[in-house]
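In what follows, a structure is listed as structure tokens, so that the remarks can point back to it.
Taken together, the values in this text are just the output of simple stated rules run on the coordinates, not laboratory data. Computed from a predicted model, the values in this text were never measured in an experiment. Every residue, glycine among them, receives a Cβ derived from its backbone with ideal geometry; neighbour counts consider all protein chains shown.
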Amino acid sequence: MSASETNYGSAIRAGFEYLLSSYPKVFAIGQGLWSPWYVGNSMTDLDRKFGRDRIIDTPVSELACTGAAIGASLCGYRPIVVHPRMDFMLLAVDQIVNQAAKWSHMLGGQVSPAVTVRAIINRGGEQGAQHSQSLHAWFAHIPGLRVVMPSTPTDARDLLIASVLCDDPVLYIDDRWLYERSEVLAPPRELALRDQRCAIRRSGRDVTLVGAGYSAFLCEQAADQLSAQGVDCEVIDPRVINPLDEATILASVNRTRALCVVDGGWRNSGFAGEVLALTAEALELGTLRVPPIRITLPDAPAPTSKTLEAIYYPTVESIVAAVANQLR
Amino acid sequence: MAAKPTRPSELGGLADPAEFTAPIAIDGVEPETLRGYLRSMLKIRIVEEVVGELVERGLARAPCHLGIGQEAVAVGVSAQLEATDRVFGGHRSHAHYLALGGDVYRLLAEILGKEDGTSKGMGGSMHLHGREVGFHGSVPLVGATIPIAVGAGLACKMDGRGAIAVSYFGDGAAEEGVFHESMNLAAVLQLPVLFVCENNLYSSHLDIGLRQPSDRVARYGEAHRISSVTVDGNDVVAVESAASELIGAARRGDGPALLEAVTYRHRGHVGPREDVDVGIRRSQSEIQAWKGRDPIARVANAMQGHELLDEPALHAIEANLREEIAAACQRAEAASYPADSALLDRVFAETSA
């Protein structure tokens, strides 16, 4: 990282700082927010700068804290409830799925919980089955809940700002494996989340690679390596997986006529399958030159043993090999 | 194996319908206030009877949970609330909305799925909304609005304008983990929240003796170091008086409080039935005994005893209400359903350009 670059974790922190400085109704609540290590470098010293009334460290109560954030959002606040590991957030699913996602619709559009639920994917390091999950596909299944997965430092900051300023409930998912990714950041921008589309991270002719969050980063690196082999990849980073900008994906696959979806979740009923399904539904018969493929986790819980962990997660190498094989 | 009671009631006489049947004590309460309570309770009672008829006529198809017999709780608590307070309810919340001054027509329209309803016909009986009177929402997931009310209490504290949040729930919700998380969080953050447990001694078909080792829910508040009071929930003056003290303390910044109001629903868990066939220990004789502690009859009898009311006046109040409510119901039956576009238009508050 050069001196002028900012990494993903610091970019999230910059997003918080922008929001807390600009909007008095923004606050953060969750476990570990007064600790230097729960959420990496993504919230360091925010409690000192903005006070512990706005950066609230909490009892071990994911469900009540998520509900409390929703309650405050109904009263005009813009809370961010932080779950340092997505696995633990499952204790709060009633509030996210049954409450936040549904209040606008079932109360006739008269209220909308403008809450941001921040879930961190934190895996690897032999942490095992309950400290590793990427459950974005579960939540993208829910109407009324916007699901955001930034892959770059710029998006980590600007989509956090967009999520908090959005009137709808948003699940913002960041990934600890991206925290060291760095780039030069322009000044923060206030984007309308509803208008965000997939980003084409790299244009190419031969095959469309689609991956969200860390998978987008893997796809970009795989595209670099495939380029050296003469394969010209187009990389699509959805950025927001619910509602999904289908048009950008379909247009790309129409051009390349080949599709590989990479996902850090499981295969069955997962995000990768959804992308394959929408192309199968919308593209003219015969558009695809080769059968589409998906590269996902195997349908097994995350292991702890390092030998098993080494074969568990998709890697740049596994993507390169699979795409080369697909196009052969 | 048939379950049987093994422990004596900690609520004692409050759980025994043979007791607390006399006219309530009304000394020192303004006659106008009492007339307001009586009218409000009667209104809620008649509205819910009408809802029961809508169910029987097949017009209201969604689950309707009636609180007939429990009217004194919402009326007593609401007497201490302002429109700027933030009230949340559960599956049995018609009374919570109406006692705050909610509109009868809009409630009935909602129950019938009409666009004019409290939730624009998108919620039905179990998802009510009336922010204009301070009612911010009710949902049927048991206990789900308890932490939401705590968050509203956090907002009240951050606002610093003396408003409070109120969470209505039943004795069944006291068995949900979120109730305890919520009380703990409210206590740690010292939030202005009044937890109101309407302990009607039943959750669905099971009575509390089959579900908890004690029938006194206030013990949970004590465990969380929250000021907790148990009252006769069929005595509107007792409820109002306890609520006044607890709400006053919450407004002054003393943190959360728990009010347990012991009451009883005359009807079954859902719909107009009495559930004597599905309750493990619910019987016609028990229902009849509890009707002897009817909250409306007790305030009316007390007022008559103090010559603040006579039979013709009572009948006149009731007749006027029945007429108003019947008219509202007719209007609601004739009202329009939501446009088909509402199905997708309301999924998100923000729509793309």
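Overview of values
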item: Convex hull volume of segment A:242-302 per residue (C-alpha atoms, cubic angstrom); result: 85 Å³
item: Inter-part distance where segment A:198-267 and segment B:9-59 are each reduced to a Cα centre, Å; result: 64 Å
item: Charge dipole magnitude, Cβ of K and R +1, D and E -1 - segment B:274-353, Cα centre, debye nearest 20; result: 260 debye
item: Extension gain from B:SER244 to B:GLN330, taking 0.36 nm per residue of separation minus the Cα-Cα distance; result: 27.2 nm
item: Rounded Å value of the spacing that divides the Cα centres of segment A:39-112 and segment B:130-189; result: 14 Å
item: Peptide-level mean, for B:172-185, of C-beta atoms on other protein chains within 10 Å; result: 4
item: Segment B:224-297 versus segment B:311-353: alpha-carbon centroid distance in Å; result: 27 Å
item: Placed amide H near A:PHE27: partners under 5 Å, 5+ positions off or other chain; result: A:ARG78, A:ILE80
item: Cα gyration tensor, segment A:183-328 - rounded (a/c under 1.5), prolate or oblate; result: rounded
item: CD proxy at 222 nm, helix term only [per DSSP H run n ≥ 4: -39500 (n - 2.57); per residue of chain B; nearest 500]; result: -13000 deg cm²/dmol
item: Share, in percent, of DSSP beta bridges within segment A:142-249 that are antiparallel, nearest 5; result: 45 percent
item: Assigned charges on the beta-carbon of Lys, Arg, Asp, Glu; segment B:102-206 dipole about Cα centre (debye); result: 280 debye
item: Normalised alpha carbon radius of gyration of segment B:35-100 [divisor 2.2 N^0.38 Å]; result: 1.16
item: Spacing of the two label points (7 Å from each Cα toward its C-beta) at A:GLU281 and A:GLU126, in nm; result: 4.4 nm
item: Table column - 3J(HN,Hα) (Hz), segment A:287-304, Karplus curve with 6.51, -1.76, 1.60, x for Gly and Pro; result: 4, 6, 7, 9, x, x, 10, 10, 10, 9, 5, x, 6, 8, x, 5, x, 9
item: Protection proxy ranking, peptides A:106-118, B:69-81, A:299-311, average beta carbon neighbours within 10 Å, highest first; result: B:69-81, A:106-118, A:299-311
item: Dipole of the protein assembly as shown, positive end: most advanced residue of A:ALA92, A:ALA324, A:THR44 [Cβ charges, Cα centre]; result: A:ALA324
item: Per-pair calculated FRET efficiency, R0 = 56 Å: A:ARG197 and B:GLU49 via Cβ, rounded to 0.05; result: 0.55
item: Chain A: equivalent-ellipsoid semi-axes (sqrt of 5 x gyration tensor eigenvalues, Cα, Å); result: 33, 21, 19
item: Selection from B:SER119, B:LEU309, B:ALA72, by position along the positive dipole direction of chain B (Cβ); result: B:SER119
item: Segment B:ASP16-B:ASP159, length gained on full extension (0.36 nm per residue, minus Cα span); result: 47.2 nm
item: Average other protein chain Cβ within 10 Å of Cβ, residues A:90-101; result: 3
item: Amide H contacts of A:VAL147 (H built 1.01 Å from N, under 5 Å, at least 5 apart or other chain); result: A:LEU171, A:ILE241, A:ASN242
item: Fraction of antiparallel bridges per DSSP, segment B:174-302 only, in percent to nearest 5; result: 15 percent
item: Gyration tensor verdict on the protein assembly as shown (Cα atoms; rounded if a/c is under 1.5, prolate if a/b is larger than b/c, oblate otherwise); result: prolate
item: Simple Cβ-charge dipole of segment A:199-281, Lys/Arg +1 and Asp/Glu -1, about Cα centre, in debye nearest 20; result: 80 debye
item: Charge dipole (the protein assembly as shown, unit charges on Cβ, about Cα centre) - positive-most of A:LEU19, B:VAL347, B:TYR37; result: A:LEU19
item: Estimated 222 nm signal from helices in chain A, with DSSP H stretches of n ≥ 4 weighted -39500 (n - 2.57), rounded to 500; result: -10000 deg cm²/dmol
item: ³J(HN,Hα), Karplus 6.51/-1.76/1.60, whole Hz, each residue of segment B:180-194, x for Gly, Pro; result: 6, 4, 5, 5, 4, 5, 5, 6, 5, 8, 6, 9, x, 10, 9
item: Calculated FRET value between B:ASP340 and A:ALA247, using beta carbons and R₀ = 30 Å, to 0.05; result: 0.75
item: Cα gyration tensor category, rounded, prolate or oblate, for segment B:273-348 with a/c compared to 1.5; result: oblate
item: In sequence order, calculated HN-Hα J values of segment A:305-312 (Karplus, 6.51, -1.76, 1.60; Hz; x Gly/Pro); result: 4, 5, 5, 6, 4, 5, 9, 8
